[in-house]
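Novice: My questions will all concern the structure given below.
Laboratory data are not the source of any read-out in this text; all were calculated from the coordinates shown. None of the values given here were measured: they were computed from a predicted structure. Positions of Cβ are backbone-derived with ideal geometry, glycine not excepted, and every protein chain shown enters the neighbour counts.
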Amino acid sequence: MNNTKHKQIQVHGLQVCLDGKAILHGVDLTLKRGEFVSLVGQSGSGKSTLLHALAGFIEKEGEVWVPKDLGIVFQNYAVFPWLTVRGNIAFGLHKINRHEREAIITNHLELVGLAEQAHKYPAQLSGGQNQRVALARALAPNPELILMDEPFGALDMYTREKMQTWLLDVWEQNQKTVLFVTHNIEEALFLSDRVLILGGGLIIGEFASPFARPRTEALKFTPPFIELKRQVLELIQYG
């Protein structure tokens, strides 16, 4: 596939069948380097399937270019319960010399605000803290791309909103390319540069989220944000 120099994801005609049923029917998708893009759609529209196909977890057809260096964060925290916070972050760093590894771990503990919890186990942490661990572990090997599959879906509304603001702070520090799957339109618009709509196994629409950064929760109550949210919802509901 040509012209991938400034792109982190380039997909053409992606098709996926699961148990004999077609889920994705020919998805075309491009993400530029450093972009934060969210994918929304109705339940069962294939959002997670698309992410899993890009990650290489399931068989697919079509032209797909993604970097080999990628990190993944799931909804269910996906942390190792038998490892401490420090141990979880260190997990993907075994090929790095000890001095550099310790520096990376310390840096990411500070980045996600968990330096004081470094020696605690996941069972001793809140849901939001465990998602911070999962993101730190995904970021520590310095991947080119982060795939996030409903990472805040299991959190209560208050914690979810705090995590959204926190994630933007982290993203603005490292400017990684992110593809973020969510069913929450407000979350998608708040976090992203662009929001893609998946329906019927295809990308059926795209909306720019043109709001200036850095963003705060107050943005969600402004008329332009509310109107854009309405437009996205209308497309999801009525196609």
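Novice: Residues with amide H under 5 Å of LEU18's amide H, sequence separation 5 or more or different chain, H placed in the peptide plane at 1.01 Å from N; which?
Specialist: Residues meeting the criterion, in which the H sits 1.01 Å from N, are ILE23.
Novice: Taking amide H atoms as placed 1.01 Å from N in the peptide plane, list the residues 5 or more away in sequence, or in a different chain, whose amide H sits under 5 Å from that of GLY41.
Specialist: Hits under the 5 Å cutoff: LEU198.
Novice: Please order ARG213, ARG33, ARG86 by the number of other Cβ within 10 Å, starting at the fewest. If you can, show how the numbers build up before the last one.
Specialist: Values: ARG213 11, ARG33 16, ARG86 21.
Least to most surrounded, the residues fall as ARG213, ARG33, ARG86.
Novice: Another one. Non-local amide H neighbours of THR177 (under 5 Å, H modeled in plane, Pro and chain starts lacking H): which ones?
Specialist: The answer is GLY34, ILE146.
Novice: Next up: Expressed as a whole number of Å, what is the distance separating the alpha-carbon centroids of the range 170-197 and the range 79-105?
Specialist: Spelled out, the Cα-based centre of one part sits 27 Å from the other.
Novice: What ³J(HN,Hα) values, in whole Hz, does the Karplus curve 6.51 cos²θ - 1.76 cosθ + 1.60 give for the range 18-25 when θ = phi - 60°, with x put for Gly and Pro?
Specialist: Calculated HN-Hα couplings, in order: 10, 6, x, 10, 6, 9, 10, 10 Hz.
Novice: Could you give the length gained by full extension between ARG213 and HIS119, i.e. 0.36 nm per residue of separation minus their alpha carbon distance, to one decimal place? Walk me through the intermediate numbers first.
Specialist: Working: separation 94, 0.36 × 94 = 33.84 nm, distance 3.43 nm.
Extra length available between ARG213 and HIS119 comes to 30.4 nm.
Novice: Residue-wise, which Karplus ³J(HN,Hα) couplings in Hz belong to the range 226-234, taking 6.51 cos²θ - 1.76 cosθ + 1.60, θ = phi - 60°, and x for glycine or proline?
Specialist: After applying 6.51 cos²θ - 1.76 cosθ + 1.60, I find 4, 5, 5, 4, 4, 5, 5, 4, 4 Hz.
Novice: Using only the Cα atoms of the range 80-239, build the gyration tensor, take square roots of its eigenvalues as a ≥ b ≥ c, and label the shape rounded, prolate or oblate: rounded if a/c is under 1.5, else prolate if a/b is larger than b/c, else oblate.
Specialist: On the way: a/c = 2.19, a/b = 2.02, b/c = 1.08.
Taking the square roots of the gyration eigenvalues as a ≥ b ≥ c, the range 80-239 is prolate.
Novice: For the chain, take the longest principal axis of its alpha carbons; what is the angle in degrees between that and the long axis of helix 127-139, to the nearest 10 within 0 to 90?
Specialist: 90 degrees
Novice: Next question. Choose one answer from LEU39, LEU83, LEU31: the residue with the largest mean-square fluctuation in a GNM of the chain with alpha-carbon springs under 10 Å.
Specialist: Answer for the Gaussian network model of the chain: LEU83.
Novice: Here's something else I'd like to know. Cut-off 10 angstrom, C-alpha nodes, Gaussian network model of the chain. Which of ALA212, ALA138, ALA118 fluctuates the most?
Specialist: Looking only at ALA212, ALA138, ALA118, the largest GNM fluctuation is found for ALA212.
Novice: With θ set to phi - 60° and the Karplus curve 6.51 cos²θ - 1.76 cosθ + 1.60, what are the ³J(HN,Hα) couplings of the range 86-99 in order, to the nearest whole Hz, using x for Gly and Pro?
Specialist: Using θ = phi - 60°, the values come out as 4, x, 5, 5, 6, 4, x, 10, 5, 8, 9, 5, 4, 4 Hz.
Novice: Once label points are set 7 Å from the Cα along Cα→Cβ at both SER43 and THR30, what is their separation, rounded to one decimal in nm?
Specialist: 3.5 nm
Novice: What Kirkwood hydrodynamic radius do you get for the range 1-138 when you take the inverse of the mean 1/r over all pairs of distinct Cα atoms, in Å? Write out the running numbers ahead of the final one.
Specialist: Values: mean 1/r = 0.0583 Å⁻¹.
Every distinct Cα pair counted, the radius reaches 17.1 Å.
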